[in-house]
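*Asks:* Structure incoming, see below.
Just so you know, all these numbers are worked out from the coordinates, no wet-lab data involved. Keep in mind that this is a model prediction, so the values were computed, not measured. Don't worry about glycine lacking a Cβ; one is built from the backbone with ideal geometry, like all the others, and counts go over all protein chains shown.
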Amino acid sequence: MAALSHADVAHVAHLARLGLGDDELTRLEGQLNHILEQYRVLAELDTEAIAPTAQTIELENILRDDLPGPCLPVDEALAGAPERAGDHVVVPPIIAGLDE
Amino acid sequence: MASAAELRALTRLHVREMAARLRAGHFTARELAEAHLALAHAQDRALNAWASFDDERALAAAEAADLRLAGAHAAASAGEKVAPAGLPPLLGIPVALKDLVVTRGRPSTAGSRILEGFVGPYDAHIAERLDEAGAVVLGKTNMDEFAMGSSTEHSAWGPTSNPWDLDRVPGGSSGGSAAAVAAFHAPVAIGTDTGGSIRQPASLTGTVGLRPTYGRVSRYGIVAFASSLDQVGPFGRDVRDAAALLQAVAGHDERDATSAPLPVPDYPAELPDPDDEAAALLRGVRLGLPREYFVKGMEPGVEAAVRSAVRALESAGAEIVDVSLPHTDYGLATYYIIAPAEASANLARYDGIRYGHAVRDGDVLANYLATRGSGFGAEAKRRIMLGTYALSAGYYDAYYVKALKVRTLIKGDFDRAFAGADGQPPVDALVAPTSPTVAFPLGARLADPVAMYLSDACTLPVNVAGLCGLSVPCGLSEGLPVGLQFIGRAFDEGRLFRLGRAYEAITATADWRRLEPTDLPKLDDPATPTPAERTARLVRR
C-alpha cells in the first residue's frame, strides 16, 4: 500500500471534519505513515477463508419491551446546546438561499 | 471527632475494614468521606489524579449512609434482627469515577477540551448502581483524552504522576483512577479498559485492576471510544476490594444492548479471608503460560518478577503448562485498526451543535472544522484520522475487514488454549505479564505514538477477543511495581479473582507487599512541582 501524501492527509482530515493547520498536517503525515507501516504485518496472514469477527459475545436481535416511559425533558436535553431558540437547537443554514 | 492524623489513617483501610468499622460505629461515613476528600484535595496539585471533585454530593451521600447505619443500629438495639444483607457492602465507602462516567448535573470531560463545560443530563447505569449501594462518589479522575493512551499524558487537563515516582507516568488511560487508589485518595475506583486501560495502569501503580468480559458491565452513560472493545471495571488496593466494586456495578441493563443477560456470581463470597484457605484455591488449577507474551522489549526485571510469580503459583499447587497463542504479534496492528475505526465513528458526534465545545466560523462545514480542529487533542486527532482512512472507500477491505478477520484468528488462539488442542490440555486461565515495562518517565513516549502503543502489547489481545483479564501486583523492578496478568474465559471473572486472591495469599509475607508508594511524602510538600512542570523539565533535558 502506497504511503500517504500531504494531499491525502489533507483529504482525510476533510472527510473527518477536522480543521488542521499545515504544521499539524505535516506532523500527521509522518506519524500516520509510520503507523500504517506497522499494519503491513497483517498482510503476512492468509485470511481468504476466515470470517470477520465484529463482536465477540454473539448476542443477537436484542429487543426491549415496547413500553412508554419517561424521557429527558426538553429543557434538560437542550441545556448544553451552544445556541438555542425556544425548543430548538440553532444551526447555521444548510440549504443555500434560505438565509433570509 | 478524630485528629487529622487519625483521619488520614482511615484512608489506609481496605473496603471490608471500612465497612466493618462503619457498622461498629468507630467512625461515620461523613468522617470517612472527609478524610479522603481532605487528602485528595491537598495532594491534587502534585499528583493531578482528579479532573473534578464533587464534595457536595459526596457529603450528602455520606450523610445518607450514616442515616441508614443509624437506622440499622436503632433497629438492632430495639431487638430487631438486622440481616447483614440489609446493608449493602459499599454503604458509606468512597469511590472515584473515571472522567468519562456521566453523572447528572456534574461535569464529565473524558479528558477532552471538546467536552469542556459539558454537564451530564442523566446518571450512567453504574452511577445509579453505586448510588443504590450507598457508595460515596468523591469525584472524577483524570484520563487520556477519550481513553486513548497508555500514560494519561493525553489529557487536556495535564498529565498525572505515578505515586511511586512522580517523574513517571501512572499508565493509562485510567491513570487518574490508578494513581488515586495507589495514593489512598480512594479505596476503589472505576476505570474503563478498551486495550489495557485498567490493567496497564494497575500494573504500573501497584494496584489491582480487572477488565471484565465484554458485556459484563453496562456502558449506558459511559463516553464511547471503541464500542466493540470498551468495558468498565474496578481498581482496588487488593483483590477483595476490586471484587466488591465489580459486584456493585456488574449485571444486565437493557439500556445497553451489548450487556449480557447473565446472572452475576457473588464474587466477594468466593474469596476467603484466611490466607491458607485462599492459597488452597490453587490446588488442581491448570494455568497456561503463553510464550508469545514475553515480548521483544520486555524489561529483564519485569520478566524476572513475572517468572518468579509463576514459580510461586506452581510451588503452591498450580500446574503450569506452556501454551502458544501464535497470532499474538498481530494483536497490535489489529487493535490499532479496529479501535481507531470505531473511534472515528463514535467521535463524529462532537460537532459543536448539541453540546460541548463550539466554535462559530461561518457555515456549517466551517463550524465543524473549527470546533473539531480546536476541541480535540493530538492523540484523538491521530486516531480519528487513522480510523477515517481505514474506513474510507478503497481501503475498507484492505485495513478494516482484514483486521476483523485477524480478530477471528486471535480469538481462535484463546479458544484453543481454553478448550485444549494440539496435544495441549485445556487450561483454566492464562498467566502472563501485564505490561512489558515498569512505569516510564513523563514525556518519554509522547513524540513516538508507536512506542506508546507497544505498552499495551500484552493486554490488547484480551480486548480483541472479548475476554476478561486481571492485573495484580507481583513485586518490584528497579523500585517500581510489576503486574501479573490472569486472563480468563468469557464471564469467568470469579475465577480470576480467586486466582488473584490466592496469589496474594501465597505472597502475603513478601517484603515488597509492605511497601507504600515511594513518593507519597512528596505529595504533601507545597514546593513539589506539578506533573506538567515535571514533564516540561524532563522533555527539555
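*Asks:* When a footprinting reagent is the concern and you count Cβ atoms within 10 Å, what order do B:Val359, B:Val285 take, fewest first?
*Replies:* Listed from fewest to most nearby Cβ atoms, that is B:Val359, B:Val285.
*Asks:* Ok, one more. Highest mean first, how do B:132-142, A:21-31, B:37-47, B:486-496 rank when packing is the count of other Cβ atoms within 10 Å averaged over residues?
*Replies:* B:132-142, B:486-496, B:37-47, A:21-31
*Asks:* Could you work out how far the C-alpha centroid of region A:3-44 sits from that of region B:147-219, in angstrom?
*Replies:* Value for the Cα centre distance between the two parts: 29 Å.
*Asks:* At B:Val450 and B:Glu270, where each label point lies 7 Å from the Cα along Cα→Cβ, what is the point-to-point distance in nanometres?
*Replies:* Label at B:Val450, label at B:Glu270, 4.2 nm between them.
*Asks:* Cα to Cα, under 13 Å, and not fewer than 8 places away if on the same chain: which aspartates and glutamates meet these conditions relative to B:Lys402?
*Replies:* Straight-line reach from B:Lys402, under 13 Å: A:Glu44, A:Asp46, A:Glu48.
*Asks:* Note down the nm distance, to one decimal, between modelled labels 7 Å out along Cα→Cβ at A:Asn61 and at B:Tyr396.
*Replies:* The modelled label-to-label distance comes out at 2.6 nm.
*Asks:* Here is a further query. For B:Lys140, which lysines qualify as cross-link partners when the Cα separation must be under 29 Å and same-chain residues fewer than eight apart are set aside?
*Replies:* Qualifying lysines at Cα under 29 Å: B:Lys98, B:Lys381, B:Lys522.
*Asks:* With N set to the number of residues, divide the alpha-carbon radius of gyration of chain B by 2.2 N^0.38 Å and report two decimals.
*Replies:* So chain B has a normalised radius of gyration of 0.93.
*Asks:* Let me ask you something else. Based on the Cβ-Cβ distance from B:Arg21 to B:Ala75, what FRET efficiency comes out when R0 is 30 Å, to the nearest 0.05?
*Replies:* With a Förster radius of 30 Å, E is 0.95.
*Asks:* Taking only Cα atoms, what is the 0 to 90° angle, nearest 10, from helix A:6-15's long axis to the longest principal axis of chain A?
*Replies:* Here the helix axis deviates by roughly 30 degrees.
*Asks:* I need the calculated FRET efficiency for the pair B:Asp422 and A:Asp75, taking r as the beta carbon distance and R₀ as 45 Å, to the nearest 0.05.
*Replies:* That pair, B:Asp422 with A:Asp75, gives E of 0.15.
*Asks:* Which order do peptides B:347-357, A:33-43 fall in by mean Cβ count within 10 Å, highest first?
*Replies:* My ranking of the peptides, most packed first, is B:347-357, A:33-43.
*Asks:* For Cα pairs less than 8 Å apart in space and 6+ apart in sequence, what is the mean separation divided by the residue count of chain B, i.e. the relative contact order in percent?
*Replies:* 18
*Asks:* In addition: What is the spin-label model distance, in nm, from B:Arg291 to A:Asp8 if the labels are put 7 Å beyond Cα along the C-beta direction?
*Replies:* Calculated label separation equals 3.7 nm.
*Asks:* Next question. Taking the Cα centre of each part, how many Å lie between region B:58-132 and region B:239-299?
*Replies:* Comparing the Cα centres of region B:58-132 and region B:239-299, I get a distance of 24 Å.
*Asks:* How big is the Rg/Rh ratio for region B:486-541, C-alpha atoms only, Rh by Kirkwood, two decimals?
*Replies:* In region B:486-541, Rg relative to Rh is 1.25.
*Asks:* If we count every other residue with Cβ under 11 angstrom of B:Pro89's Cβ, Lys/Arg +1 and Asp/Glu -1, where does the sum land?
*Replies:* Summing Lys/Arg as +1 and Asp/Glu as -1 gives +1.
*Asks:* If you don't mind, another one. If we count other beta carbons within 10 Å of each Cβ, what is the order of B:Asp322, B:Asp413, A:Asp8, fewest first?
*Replies:* Least to most surrounded, the residues fall as B:Asp322, A:Asp8, B:Asp413.
*Asks:* Also, quick follow-up: Can you figure out the FRET efficiency of A:Leu45 with A:Val89, using R₀ = 30 Å and their beta-carbon distance, to the nearest 0.05?
*Replies:* With a Förster radius of 30 Å, E is 0.05.
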